[in-house]
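Presented below is the structure to which this report refers.
Read-outs throughout are calculated quantities, based only on the coordinates presented, and are distinct from any laboratory measurement. Every value quoted in this text rests on a predicted model; they were computed, and no experiment measured them. Every residue, glycine as well, gets a Cβ built from its backbone with ideal geometry; the counts of neighbours run over all protein chains shown.
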Amino acid sequence: MPTTNEIIAFCKEKIPEAIPLFEYIREKEPAEDYLRVLEEAGERLEIYEEVLEEEGPEMAELYLLEVRMELRVDEQIYRWHSTKAEGGDTTPIEKNLRMKLFEQVELEIRSGRAELAALKEEVSELEADLKEMEKTKTRLVDERLAEILDEDEDE
């Protein structure tokens, strides 16, 4: 698990929308809520690093966009509940929330297409490898047999 300083630094650089949320929770909510939010942010950092390493920078950036959009949606939901509790007009917030949800779905589609393209590339590479193995299977068997027989002679 990353340290608190690493989490805050990551969020400042990659998810700036999270910083006001951290500050608000630290000042207004119980300490366990602040620790829970930091832990969730630490998990996001770990996922980001994993995606960056395994799937590359494009997918890692898409992941961050999804996280940032989720924060924007959550903010609108919070504002809607607060406004409703105060007896205010929630109509403008509902319109904004709808727009954010639309953007969120568009982003999910974009991410899905990127993931599908990566899978298609992987399938294409596997097909090429299998074709090559089909062409050279006799040579592959001969090489493996030679390795096995050489190992037995060494013993």
**Request:** Return the distance in nm (one decimal) between the two label points of a simple spin-label model at R98 and E125, each offset 7 Å from Cα along Cα→Cβ.
**Result:** 4.4 nm
**Item:** Backbone HN-Hα couplings from phi across the stretch 99-108 [Karplus 6.51/-1.76/1.60, Hz, Gly and Pro as x]
**Value:** 4, 5, 5, 4, 4, 5, 5, 4, 5, 4
**Request:** Please work out the Cα center distance from the stretch 1-65 to the stretch 97-155, rounded to the nearest Å.
**Result:** 32 Å
**Item:** Scattering profile of the chain at q = 0.11, 0.15 Å⁻¹ [log10 I(q)/I(0), Debye over alpha-carbon scatterers]
**Value:** -0.65, -0.93
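What FRET efficiency do you get for E75 and A117 if R0 is 30 Å and r is their Cβ-Cβ distance, rounded to the nearest 0.05?
On the way: r = 31 Å, r/R0 = 1.04.
So, using R0 = 30 Å, E works out to roughly 0.45.
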**Request:** Could I have the simple spin-label model distance between T83 and E32, label points 7 Å from Cα toward Cβ, reported in nm to one decimal?
**Result:** 3.2 nm
**Asked** In deg cm²/dmol and to the nearest 500, what is the mean residue ellipticity at 222 nm of the chain if only DSSP H runs of at least 4 residues count, each as -39500 (n - 2.57), divided by the residue total?
**Response** -31500 deg cm²/dmol
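Please give the FRET efficiency for E54 paired with M133, using the beta carbon to beta carbon distance and R0 = 35 Å, rounded to the nearest 0.05. Intermediate results must be reported in sequence, preceding the final value.
Details: r = 25 Å, r/R0 = 0.72.
E between E54 and M133, to the nearest 0.05, is 0.85.
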